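Worksheet: the structure to be examined is printed underneath.
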Amino acid sequence: KQMLSLANAFNEEDLKNFHDRTIKNLGTDIQIDYFCEPKMDGAAVSLIYEKGLLVKGVTRGDGALGEDITSNIRTIRSIPLALKASENSFPDLLEIRGEVFISKPDFDNLNFKAKKNGEKVFANPRNAAAGSLRQLDPSITSSRPLAFFAHGLGLCQGKEFVDLNELFLAFSSWGLPVNSLNKLASSID
């Protein structure tokens with residue numbers, strides 16, 4: 001499946017307009033639930049697990065074809081190389097979509113150390129995260145304070161989820177980090 005970018009809503013009016021378009025496109029006027037999560041500003045990645053083992057990591061690229069960054073993905077401590085077995089069995093083939101990012105405090109510390117050592121400082125955390133994933137030397141990637149949150153599902157063979165709440169509970173049970181600020185909302189308000 002294609003990896004798309006997220007659209008932005010900057011204020012309450014944008015959010016209400018999104019809701020109105022959603023209701024119109026669904027052709028219904030029933031109340032719908034929203035699964036809300038903060039937008040992390042980093043680099044979108046897709047992680048492929050076969051029988052619970054990480055076999056490939058790729059960037060979003062143009063949405064259809066991305067760069068193979070598997071060797072660098074394997075250095076990110078928050079990304080499990082093997083999913084944890086749990087009562088929630090994982091499918092044979094699973095594509096986890098998420099964001100690799102650098103937290104603001106880690107970014108500030110990274111730039112402080114770079115400046116102290118006379119090295120180039122990064123313009124912003126997003127560029128630092130994306131550039132770290134594209135390093136030819138995985139040891140450089142490993143030295144950067146990269147983190148990961150799972151936020152979606154691509155391919156999933158042999159398992160279905162009722163809703164996003166169930167999906168995120170499965171992610172957590174498999175050892176995939178998810179944002180603790182995620183929340184199920186029963187209305188647009």
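Rounded, prolate or oblate for the chain? Axes are the square roots of the Cα gyration tensor eigenvalues, ordered a ≥ b ≥ c, and the cut-off for rounded is a/c under 1.5. Show your work: numbers first, answer last.
Numbers: a/c = 2.07, a/b = 1.33, b/c = 1.55.
Cα axes put the chain in the oblate bin.
Using a/c under 1.5 as the rounded threshold, could you call region 64-107 rounded, prolate or oblate? The axes a ≥ b ≥ c are square roots of the C-alpha gyration tensor eigenvalues, and prolate needs a/b larger than b/c, oblate otherwise. Note, shape of region 64-107 comes out oblate. For the chain, the mean residue ellipticity at 222 nm estimated from helices alone is -8500 deg cm²/dmol, where every DSSP H run of n ≥ 4 contributes -39500 (n - 2.57) and the total is divided by all residues, rounded to the nearest 500. Per residue, region 19-90 exposes 61 Å² of accessible surface when a 1.4 Å probe is rolled over the protein heavy atoms with every protein chain present. Protein heavy-atom surface of the chain, 1.4 angstrom probe: 53% of the accessible area is carbon and sulfur, with nucleic acids and ligands not counted.
Students often get this wrong, so check it: of Lys159/Lys183; Lys16/Lys39; Lys84/Lys183; Lys16/Lys104, which have C-alpha atoms separated by over 21 Å? Let's see the in-between values first.
Values: Lys159/Lys183 23 Å; Lys16/Lys39 18 Å; Lys84/Lys183 23 Å; Lys16/Lys104 30 Å.
Among Lys159/Lys183; Lys16/Lys39; Lys84/Lys183; Lys16/Lys104, the Cα-Cα distance tops 21 Å for Lys159/Lys183; Lys84/Lys183; Lys16/Lys104.
For the chain, the relative contact order comes to 30 percent (Cα pairs under 8 Å, sequence separation of at least 6).
The values are calculated or read from the model by the stated rules, or taken from the named source; none is laboratory data. If you're wondering where the values come from, they're calculated on a predicted model, not measured in any experiment. With ligands, DNA and RNA removed, areas are computed over all heavy atoms of the protein, side chains included. Shrake-Rupley method; radii C 1.70, N 1.55, O 1.52, S 1.80 Å.
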